[in-house]
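Trainee: My structure is below; once you've seen it, I'll send some questions.
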Amino acid sequence: MVAAKNTAALEVWTIGHSTHPLDEFLAMLAFHGIEGVADVRRHAGSRKYPHFNPDALRSALSKAGVEYVPLPELGGRRQPRADSRNTVWRNASFRGYADYMETEAFQAGLERLLALARRRRTAIMCAEAVWWRCHRSLIADLLKARGVCVRHIANGGRSEIHPYTSAARLENGELTYSPER
């Protein structure tokens, strides 16, 4: 996976909207000083929680002074390639996402995310509450490998610095999910 430029001293946060009421979600963002939300849901929207549909969320975030940027090109639910080299991932959806991370479309989305993070204190957002059960964990691995400090927002005002996932490995300074040779 190709290295990005000018990522030293950058900080990116992650959050899962989960089932939070809108006011609670906005309070979590405000508590951590988040100024930009990068929506990394491939198929954004929720019938059960309509306040997380893109138009409603954009409006609520705007009123709170937070920029909303949809980044479906960083969205999950990707299929693994037959020739996948990311075989340390036993979970097919994580392997598929790791394969997708090697594409130009992903790299373009990542550059958009980094551009936002350079302008505003940014959180990448998906639906899953727990970061380690979401593709945000793989995005966080890549950002960390490139020198970005990644923090995961949790309930109760807590956050944690991203530890690499168990499948991640650095080889010559590059992130890989392939087995050691």
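The values are calculated or read from the model by the stated rules, or taken from the named source; none is laboratory data. Everything numeric in this text was worked out from a predicted model, so none of it was measured. For neighbour counting, all protein chains shown are included, and Cβ atoms are generated from backbone atoms with ideal geometry for every residue, glycine included.
Trainee: What number of residues within the stretch 142-174 are of a type in the set (Lys, Arg) and part of a strand (DSSP E or B)?
Mentor: Total satisfying the criteria: 2.
Trainee: Just one of Phe25, Phe31 is over 18 Å from Arg133 (Cα atoms) and crowded, with 22+ Cβ neighbours inside 10 Å; which is it?
Mentor: Phe25
Trainee: Please indicate, with yes or no, whether at least one residue in the stretch 80-89 is outside any loop (DSSP other than H, G, I, E, B) and out of contact with any His (no Cβ under 6 Å at 6 or more places or on another chain).
Mentor: No: zero hits.
Trainee: On the basis of being part of a loop (DSSP other than H, G, I, E, B) and buried (at least 17 other Cβ atoms within 10 Å of the Cβ), does Arg47 make the cut?
Mentor: Criteria not met by Arg47.
Trainee: While we're here: With the requirement that a residue be buried (at least 16 other Cβ atoms within 10 Å of the Cβ) and either in contact (Cβ under 8 Å) with a residue 24 or more places away in the chain or under 19 Å from Arg41 (Cβ atoms) (or both), what does the stretch 81-98 give you?
Mentor: Matches in the stretch 81-98: Asn86, Val88, Trp89, Phe94, Arg95, Gly96, Tyr97, Ala98.
Trainee: Those residues that are over 13 Å from the mean Cα position of the chain (by Cα) and assigned to a loop (DSSP other than H, G, I, E, B), I need them from the stretch 90-107; list them, please.
Mentor: Hits for the stretch 90-107 are Arg90, Asn91, Glu102, Thr103.
Trainee: Here's something else I'd like to know. Taking the options Val37, Val12, Val69, name whichever one is out of contact with any Asp or Glu (no Cβ under 8 Å at 6 or more places or on another chain) and either at pLDDT 95 or above or assigned to a loop (DSSP other than H, G, I, E, B) (or both).
Mentor: Criteria check complete, one pass: Val12.
So that you can scan it fast, the table gives a plain yes or no per residue for (1) in contact with a helix residue (DSSP H, G or I) (Cβ under 8 Å, 6 or more places away or on another chain); (2) more than 16 Å from Ile34 (Cβ to Cβ); (3) at pLDDT below 95:
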| residue | (1), (2), (3) |
| --- | --- |
| Arg121 | no, no, no |
| Cys126 | yes, no, no |
| Cys134 | no, yes, no |
| Leu142 | yes, yes, no |
| Cys149 | no, no, no |
| His152 | yes, no, no |
| Gly157 | yes, no, yes |
| Asn172 | no, yes, yes |
| Leu175 | yes, yes, no |
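Trainee: Here is a follow-up. Would you pick out the residues in the stretch 116-135 that are within 15 Å of Val66 (Cα to Cα), among the hydrophobic types (A, V, I, L, M, F, W, C) and in a helix (DSSP H, G or I)?
Mentor: Leu116, Ala117
Trainee: Can you tell me which residues in the stretch 120-164 are crowded, with 18+ Cβ neighbours inside 10 Å and among the aromatic types (Phe, Trp, Tyr)?
Mentor: If the condition is that a residue be crowded, with 18+ Cβ neighbours inside 10 Å and among the aromatic types (Phe, Trp, Tyr), then Trp131 is the only one that fits.
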